[in-house]
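First the structure, in the form of structure tokens, and then the observations on it.
The values are calculated or read from the model by the stated rules, or taken from the named source; none is laboratory data. Because the structure is predicted, anything quoted here is derived from the model rather than measured. Cβ atoms come from the backbone with ideal geometry, glycine included; neighbour counts cover every protein chain shown. Keep in mind that these areas ignore ligands, DNA and RNA; they rest on the heavy atoms of the full protein, side chains included. Shrake-Rupley method; radii C 1.70, N 1.55, O 1.52, S 1.80 Å.
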Amino acid sequence: MNSLGKSLCAFWNSSIGKKIVVAVTGILLVGFLLGHMAGNLLVFAGREAMNDYAYFLHHMLHGAGIWFARIGLLVAVVLHIVATVSLTLHNKASRQEKYEHEATVQASRSSRMMIVSGLIILAFIIFHILHFTVRVDSGLADLKDPLDASRHDTYGMVIAGFNVPWVVLFYVVAISLLCSHLSHGIASIFQTLGLRSAKTEKATKALSWGITILLWIGFLIIPLTVLLNIVNDKEAAGQAAIENSAVHNLTGYRPSLNQVPSAE
Amino acid sequence: MNLTLKVWRQAHADDRGEIKTYEANDIPEEASFLEMLDIVNEQILEKGDDPIHFDHDCREGICGMCSLNINGVPHSKEKGITTCQVHMRKFRDGDTIWIEPFRAKAFPIVKDLVIDRTAFDRIVAAGGYVEVRTGSAVDANSVPISKPDADAAFDAAACIGCGACVAACKNASAMLFVGAKAAHLNLLPQGQPEKDKRVLGMVRQMDAEGFGNCTNQYECEAVCPKEISADVIAKLNRDYAKAAVKEAVGR
Ligand code: HEM
Ligand code: FES
């Protein structure tokens, strides 16, 4: 191995090096979350805005753009998980004999369950991708935009998808755990990268909580307003889709009412 | 005052060890915590049993030899003091007190509450020093140092190497100790020539000793008898990143 390769290996194998990988991938993931949340909020701007945005994402750089983003995110998530799982296992091994009487002075509850919140987030990410990206539910996959039947109806899919109470419940739990993860995680980034000090402690904490609360509200307001029928689908086809998807989810029954013939 | 003690007893390094209960009666409240253990040990000795072994030396908070997790917290829940400086007036008559050794894979138990902290010595030997010409003392003020740097270096140098940071950390990480020992020299002009070598060497030795990784919970800072700030950990992270990059690109 050349010396650069050796140095990279030494970096990855060191405790601080791996933590820096966690922090840098954490920044990428938080950045993605902020962008994703902003895009999602277009649901409040209506069907056209939302579907235009979805169309844009799928067609930027002739469709290559979204794959760059997906691959980048996948690499970040995989590195984040491999590093954190390995760090966590190492940490467990560093104190084989537990205290009989253990006390905690100032570590937050969130900071003590990072691996648990992280792994549940992972389960959620997989569910979420199957739900809205791969769309294993063909009731959601086959929806066509009533304004332009040649494209998928992302707006209708969101409304239909979030009209299922247990799905919304899972989103609430998972996003809340994500925010618990970030309440410790974002402040941690500054320390891990050596950018925090007692002087900036207040500012980093405030920023960390600010972003966390923003994400919590920004992500959860969508499923909740949809479930409470504050945001709904006024076009008839969409309305049928809501019922069908909800019915389908519980019974597997799926009439073809909502399926505007595709243009292909 | 009368107390119930729950004390970790372990005959030798390979013994399984267990918590044993002792009644400590008629303890004067002006006794220090270690004097309280001395009194209990006298009673144990009178019965012909093996006294409780624990580490201590100066008993005035400067050597870093005393240890003990007291009710789950290294050096007790009192802020900024070592176990030898804890007084029994901080407890109430009738209290139950849990007394355990500092626990970490890198700090093997020798006997009862006595632990082996030589891992710290090996970390210091891996870079926690400056190479200077000895024999002729350098004039004290020949190298100017700004007051804020001198103060920060002094704060870091206050570390007595007791290991409470490791004991308190959920991951048995030694980052506060290593951060303090590295910062103390890295902040000073005298420490500059070997700065990168020092940081890489000390962090690698720390990892090799089997300490855990920092998860930024600052339990260490909360229990440090010298109240060393977790800022030294941020600095260690920063200095390590810089040194690793320089090493990768061949300086
Ligand atoms: C969208 C997904 C995620 C985001 C935005 C995220 C964000 C973060 C951030 C910002 C940090 C702090 C980095 C640092 O210590 O400096 C972190 C740490 C961590 N993450 Fe994640 N994470 C995500 C997913 C996951 C997953 C799927 C796991 C599962 C293994 C996980 C496990 C951890 C663990 C164990 C830590 C270390 C905690 C610590 O040092 O206290 N994360 N994460
Ligand atoms: S015995 Fe020296 S510091 Fe406590």
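Here are a few things to note about the model shown:
- Residues (farther than 23 Å from B:Asp207 by Cβ and either under 18 Å from the mean Cα position of the chain (by Cα) or buried (at least 19 other Cβ atoms within 10 Å of the Cβ) (or both)) located in segment B:123-152: B:Ala152
- Close contacts from segment B:83-98, counting a first residue that is touching a residue at least 60 places away in the same chain (Cβ under 8 Å) and a second that is within 16 Å of ligand 1 (Cβ to nearest atom), with Cβ to Cβ under 9 Å and a gap of 6+ residues or different chains, come to none at all.
- In this entry, A:Ile129 passes the filter for residues that are more than 14 Å from every other protein chain (Cβ to nearest Cβ), assigned to a helix (DSSP H, G or I) and surrounded by fewer than 16 Cβ atoms within 10 Å (Cβ to Cβ).
- Remark: A:Ser150 falls outside the filter, which requires a residue to be within 14 Å of chain B (Cβ to nearest Cβ) and either of a type in the set (Asp, Glu) or not in a helix (DSSP H, G or I) (or both).
- Scanning segment B:220-251 for residues that are under 21 Å from B:Asn69 (Cα atoms), more than 9 Å from chain A (Cβ to nearest Cβ) and surrounded by fewer than 24 Cβ atoms within 10 Å (Cβ to Cβ) gives B:Lys226, B:Glu227.
Yes/no matrix, rows are residues, columns are (1) surrounded by 14 or more Cβ atoms within 10 Å (Cβ to Cβ); (2) within 30 Å of B:Ile115 (Cα to Cα); (3) within 16 Å of ligand 2 (Cβ to nearest atom):
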| site | (1), (2), (3) |
| --- | --- |
| A:Val43 | yes, no, no |
| A:Trp67 | no, no, no |
| A:Ala76 | yes, no, no |
| A:Asn91 | yes, yes, no |
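- Taking every residue in segment A:184-205 that is within 10 Å of B:Ile233 (Cα to Cα) and pairing it with any residue that is modelled with pLDDT of 95 or more and away from ligand 1 (no atom under 15 Å from the Cβ), at least 6 positions away or on another chain, the pairs with Cβ-Cβ distances below 7 Å are A:Gly194/B:Lys235; A:Ser197/B:Asp231.
- Residue selected from segment B:203-212 under the condition within 7 Å of chain A (Cβ to nearest Cβ) and buried (at least 24 other Cβ atoms within 10 Å of the Cβ), by the criterion farthest from ligand 2 (Cβ to nearest atom): B:Val203
- Residues in segment B:82-111 that are in a loop (DSSP other than H, G, I, E, B), within 14 Å of chain A (Cβ to nearest Cβ) and surrounded by 24 or more Cβ atoms within 10 Å (Cβ to Cβ): B:Pro101, B:Phe102, B:Ala104, B:Ala106, B:Phe107.
- Those residues of segment B:54-80 which are within 14 Å of chain A (Cβ to nearest Cβ) and assigned to a loop (DSSP other than H, G, I, E, B), in sequence order: B:Ser67, B:Leu68, B:Asn71, B:Gly72, B:His75, B:Ser76, B:Lys77, B:Glu78, B:Lys79, B:Gly80
- Residues located in segment B:9-37, provided they are away from chain A (no Cβ under 14 Å) and either part of a loop (DSSP other than H, G, I, E, B) or open to solvent by 50 Å² or more (accessible area, probe 1.4 Å) (or both): B:Ala11, B:His12, B:Glu23, B:Asn25, B:Asp26, B:Ile27, B:Pro28, B:Glu29, B:Glu30, B:Ala31, B:Glu35
- B:Val199 satisfies every condition listed in (1) more than 7 Å from every other protein chain (Cβ to nearest Cβ); (2) within 14 Å of ligand 1 (Cβ to nearest atom) except (2).
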